[in-house]
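K.L.:
Questions regarding the structure given below will be posed in turn.
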Amino acid sequence: SEEETSVLQESCKIYVYNSKGLIRKYHGMNEVPSELWLVSGNYKAEAWAGDSVPASFDKKYYKGATEFTVSANATAEAEIACKIANVVTSVKFDSSLEGVLNDCKMIISHSKGNLEFTKENEGAKGYFMMPKGETTLSYILTGVKVDGNTYTQSGEITDVKSATEYAMTIKYNVKEFDP
């Protein structure tokens, strides 16, 4: 949305590096000059925007980087495409659960945070920033069977990648649930 874009542009961080290290640092697009004078050489520009929180339904995190070269008496342009850095999850509860399993909820987590998906927030996307070295999301599905007993199914989504959505649909069939 325009509002989200505006907030991201105001809060983004942009760093410019050369072979010696950080040479420019900007907070917000308003601080970035329309022209930046640099000596000839190779550079890298990185940008970050949003909130890097462990797990959230509404806080997303974007990042991007680009390399560019500045030559004597020439103009160089650098564009940084910031893409979503989160691992994204969504859960759908199929109609086949009706009359079989009630009060369903799916908790998806990693070591630093979790999100709870229910019928009330069905269709919501969950955004996870994976802790360093972790590539697995765990899940626990719980519900109440028609006979009143509790049902629990757990598992893992392994080798998760940033900028990837893992869409889960919970269905009932006569056999066991298939993770």
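Where a number appears in this text, it was derived from the coordinates with a stated rule and is not lab data. Every value quoted in this text rests on a predicted model; they were computed, and no experiment measured them. Because the Cβ atoms are built from the backbone with ideal geometry, glycine has one as well, and the counts that use them run over all protein chains shown.
K.L.:
Can you compute the helix-only [θ] at 222 nm over the chain? Use -39500 (n - 2.57) per DSSP H run of at least 4 residues, normalise by all residues, nearest 500 deg cm²/dmol.
P.N.:
Value at 222 nm, helices only, nearest 500: -1500 deg cm²/dmol.
K.L.:
Grab the other residues whose beta carbon is less than 10 angstrom from that of Thr118, score K and R as +1, D and E as -1, and report the net.
P.N.:
-2
K.L.:
Efficiency by 1/(1 + (r/R0)^6): what FRET value for Thr66 and Ser6, r their Cβ-Cβ distance, R0 = 22 Å, to the nearest 0.05?
P.N.:
Numbers: r = 23 Å, r/R0 = 1.03.
In this case the efficiency is close to 0.45.
K.L.:
Ok, one more. What relative contact order, as a whole-number percentage, does the stretch 93-136 give when Cα pairs under 8 Å and 6 or more residues apart are counted?
P.N.:
31
K.L.:
Taking amide H positions as placed in the peptide plane 1.01 Å from N, state which residues far from Asn86 in sequence (5 or more) or on other chains have amide H under 5 Å from it.
P.N.:
Long-range HN contacts for Asn86: Tyr61, Ala163.
K.L.:
Check which residues have an amide H placed less than 5 Å from Ala55's amide H, if you skip close sequence neighbours.
P.N.:
Amide H neighbours of Ala55, under 5 Å, 5+ apart: Met129.
K.L.:
Students often get this wrong: which residues of the stretch 6-29 have the backbone nitrogen under 20 Å from the point 7 angstrom along Cα-to-C-beta of Ala78?
P.N.:
Residues 9-29 fall inside that zone.
K.L.:
Could you give the distance between the Cα centres of the stretch 75-114 and the stretch 2-18, to the whole Å?
P.N.:
Each part reduced to its Cα centre gives a spacing of 24 Å.
K.L.:
Quick one: net charge of Ser162's neighbours, Cβ under 13 Å, K/R +1, D/E -1? Kindly include the intermediate steps, with their values, before the conclusion.
P.N.:
Numbers: positive: Lys60, Lys63, Lys83, Lys132, Lys161; negative: Glu134, Asp159, Glu165.
Once all neighbours under 13 Å are counted, the net charge is +2.
K.L.:
What does the highest-first list of 51-61, 161-171, 33-43 look like by mean Cβ count within 10 Å?
P.N.:
Working: 51-61: 16.3, 161-171: 13.3, 33-43: 10.4.
Put in order of decreasing packing, that is 51-61, 161-171, 33-43.
K.L.:
Ok, one more. Taking a ≥ b ≥ c as the square roots of the eigenvalues of the Cα gyration tensor of the stretch 53-108, is the shape rounded (a/c under 1.5), prolate (a/b larger than b/c) or oblate? Write out the running numbers ahead of the final one.
P.N.:
Values: a/c = 7.55, a/b = 4.35, b/c = 1.73.
The shape class here is prolate.
K.L.:
Then there is this: Rounded to the nearest 0.05, what FRET efficiency is calculated for Ile23 and Lys119 with R0 set to 45 Å and r the Cβ-Cβ distance?
P.N.:
E(calc), rounded to 0.05, equals 0.30.
K.L.:
Right, another one. Would you mind checking the tilt of helix 2-11 against the longest principal axis of the Cα atoms of the chain, expressed as 0 to 90 degrees and rounded to 10?
P.N.:
With both axes taken from Cα atoms, the answer is about 60 degrees.
K.L.:
How high is the relative contact order of the stretch 1-91, in percent, counting Cα pairs under 8 Å that sit 6 or more residues apart? Numbers along the way, then the final one.
P.N.:
Values: 154 pairs, mean separation 21.1, N = 91.
It comes to 23 percent, rounded to a whole number.
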